[in-house]
Amino acid sequence: MRRSNLPAELNRFVGRAAEQAALTALLETSRLVTVVGVGGVGKTRLALRAAAAAQKRYGEEVGLAELAPLRDPDLVAYALVEALGLTDHTPRAPREVLVEHLAERRMLLVLDGFEHLVESCAPLVRELLARAPGLTVLAVGRRPLRVAGEAVFPLAPMDETDAVALLAERAAEAGAPVATAVPGPPGLPGTGTSLAPGHGAEAVRELCRRLDGIPLALELAAGRLPLLPVEQMLLRLDDRFRLLTDGERGALPRHQTLRTAIGWSHELCTPEERLLWARLSVFAGPFDLEAVEYVCGSRELPPERILDHLGGLLAQSLVSREDTPAGPAYRLLDTVAAYGAEWLAALGDTDRMRRRHRDWYMGLATWCELEWFSPRQAEVAARTDAALPNLRAALDLCLELPEDAHLAQHLAGTLWFAWVGCGRLSEGRHWLERALALESGHEEARLKALWVLGYVAVLQGDGTAAVAALHECGERARSSRNALAEAYATHRMGCLALLSDDLPRAESLIERALGSYRELGELNSNVLMGQVEVAMARAFRGDLEGAVAICREVREVCEERGELWTRAYALYVLAFSAWTRDAYGEARELLTECVSINHTFRDLVGLVLAIELLALVTVSEGDAAEAAVLQGAAVPVWDTVGIRLFGSEAFDGPRALCRQRAEEVLGAEAFDVAVQEGRRLSLDAVVERALAARRAPAGGGPAEAAAPRPFRTARSARVPGTRKPAGSPTGKGGEAAG
């Protein structure tokens, strides 16, 4: 799990000292605290500030789950799994994964924007708190969860002093400083200075009062100050208040004020900016400029002018900018987006814009699948991660419209690299099963979704579901003469055999699929990983030389194509080969690259296998204590992945041998102490430790003495007590990408 995913503050936190102290104190006495208040009152900013202050108390284990972009209540648990950085390779429900992960941890979990999902969020929070005694939840929304033990923290608007300070701070950032107090008498120090015409202290305080001290309203006002004096703002605000009061007499005063401030900002936008604002409301979560140009561009909004209009909204604090691993991204504040959505509905353009949004993200998913087999693989992983809320929105729309069932199946299948390669098996299965429950009438889309579902189920250890999906795929593919889909179904059945220790069948099925791929001209990460899987089966059966030859060929192709993920699995086999030759330095170097690549892609299966083998290399170098720590560090990772070593005797070989040799050197008690030390490490700490582990002096250490090797070769025997040789590079069944 990532230690903390709290975002960095983009500008200075202003005011709210009393509220921050009170919230911090409440978090020390209550396990569920819910900050409630009107939209725009600053709930999220205050909660994140309090969470950041509490990090030391929780060993920095603080997680933020942003729920506002979700539409499907069934995705709440998946969003929490994602927020905690978990890789859900198991067939268990995500709430079970959460409970198991949190059960013995001391952690603060922040849930932001849950109000539209309260019916599914409340029971989940109740269960997590009941089964994870070290968990504290800080929820942020417009209404309470109404869970037993909940401490509700109502957040009122800012008092006048804080409101004036916030407006002044943001105005200065916008290049329009304002007075915050009336200047003192001549010859005496003043308490404030009017630095710009129309920005006098009395007018500033009046503006803050009229905006009810609501931070969002104040920030919107500050964004207009470079263009409009405060006095003119007050006049426009008066007009807007009258207009709003006539139209929404039933609204609460503070809701009226916020809508007034947003509507007033809307009125001050150019017609093009207003139109862009409305169209941007179809995005869920962050979006990039290319997406905006495609989705929102039209004759009225030429794509080449989009950047200018987006800049106008940015300057007015209606849009925020953030840096992501995939590059710069933009986001509408939730309240601003809701206002824009109302305008889009009034224009009668919501359905068309949602379809354009879906089309863009369908195209992005297709591009990502193709580019996965390229030097841009890491970029694809980052872009997919950043686009996930919008990809979910696209899937939602496809499932919502019966005539788009084939698009749902196609999109869920196309995103297989995101489900498998980026650690989202459980969520992928959720979308695939929903899509396949529909009759699309498009055989090709259904076949792809079927083999991807089979693949996901294989990696989750759910053989029954895997066989059902792959059998249907194979039968339908043969009936429709779709040789490629049949090859993928055969390949996945081979993966299932490999993880089940049925090695002759695994090799036979995967070789058959590889033959079909060659005939059809198919070459991608799937094909290369199929070759690695054949190498694993051969290595498990004792043909280490043949396995190495295959993996060297795969590595060469990966280097030519810039492919990383499959390369990591090939390097694993080569590292094991180096270990059997006592070339420990070479093995460590290969495994270091494996760990780095797998950590980049959040591929916990590949990562934990590499750590297990690195532990064996480490004990062979003579450092039994460090080997035991690494073995212990692998345990919680396996708990997240699922069945430890897939229940496979073949895959269990390196672990069993490492334990045997480390215990011989350390003794059982010292070994267990070192293992427990490893179990307490965070995932990032494990990776850092694995990458920085010291090498033994040339010639190895005492643990290097003759010992049985997991693979049966001419120069190695079986591990005592195992049925088959062990230590293989896969775990995910392999495949890297489309």
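The values are calculated or read from the model by the stated rules, or taken from the named source; none is laboratory data. If you're wondering where the values come from, they're calculated on a predicted model, not measured in any experiment. Here Cβ is always computed from backbone atoms with ideal geometry, including for glycine, and neighbour counts include all displayed protein chains. Accessible surface is based on the protein model in full, side chains and every heavy atom, while ligands, DNA and RNA are left aside. Shrake-Rupley method; radii C 1.70, N 1.55, O 1.52, S 1.80 Å.
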### Message
Starting from the 7 Å offset along Cα-to-Cβ, what nm value, one decimal, do you get for the label separation of residue 545 and residue 314?
### Response
6.2
### region 417-474 - convex hull of alpha carbons, volume per residue in Å³
71
### Query
Rg (Å, one decimal) plus Dmax (Å, integer) for the alpha carbons of region 285-400?
14.6, 45
### Rule-of-thumb Rg ratio for region 465-596 [Cα; 2.2 N^0.38 Å; N residues]
1.12
### Query
What trypsin sites (Lys or Arg not before Pro) does region 290-384 have in DSSP loop regions with at most 10 other beta carbons within 10 Å?
299
### Whole-number accessible area per residue in Å² for region 255-403, which is evaluated in the context of all protein chains at 1.4 Å
40
### Query
Using a 1.4 Å probe, how large is the accessible area of residue 450, given in Å² and rounded to the nearest 10?
10
### Task
Using +1 at the Cβ of each Lys and Arg and -1 at the Cβ of each Asp and Glu in region 401-440, identify which of 409, 437, 425 lies farthest towards the dipole's positive end.
425
### Query
Rounded to the nearest 10 Å², what accessible area does residue 320 show when all protein chains are kept and the probe is 1.4 Å?
40
#### Entry: Accessible area per residue in Å² at 1.4 Å probe, computed on region 1-134
39
### Task
Please give the contour-minus-distance gain from residue 131 to residue 231: 0.36 nm per residue of separation, less the Cα-Cα distance, rounded to one decimal in nm.
30.4 nm
### Query
In square nanometres, what is the average projected area of the Cα convex hull of region 42-100?
5.0
### Task
Quick one: net charge around residue 399, please, counting Lys, Arg +1 and Asp, Glu -1 for every other residue with C-beta under 12 Å from its C-beta.
-3
### Task
Report the charge-dipole magnitude of region 453-561 in Debye, nearest 20, computed about the Cα centre from +1 at each Lys and Arg Cβ and -1 at each Asp and Glu Cβ.
220
## Note on the structure
Of every hundred units of 1.4 Å-probe accessible area on region 433-584, the number belonging to carbon and sulfur atoms, as a percent, is 45
### Query
Once amide H atoms are built 1.01 Å from N in the peptide plane, which residues 5 or more positions from residue 139, or in another chain, come under 5 Å H to H?
33, 34, 35, 111
### Summary
Computed curve, region 397-506, Cα-only Debye sum without solvent term, log₁₀ I(q)/I(0) at 0.10 Å⁻¹, is -0.26
#### Entry: Phi to ³J(HN,Hα) by Karplus 6.51 cos²θ - 1.76 cosθ + 1.60 over region 407-424, Hz, x for Gly, Pro
5, 4, 5, 5, 5, 4, x, 4, 7, 4, 5, 6, 5, 8, x, 10, x, 10
### Task
Could you check how much of the accessible area of region 25-150 is carbon and sulfur, as a whole percent, using a 1.4 Å probe?
49
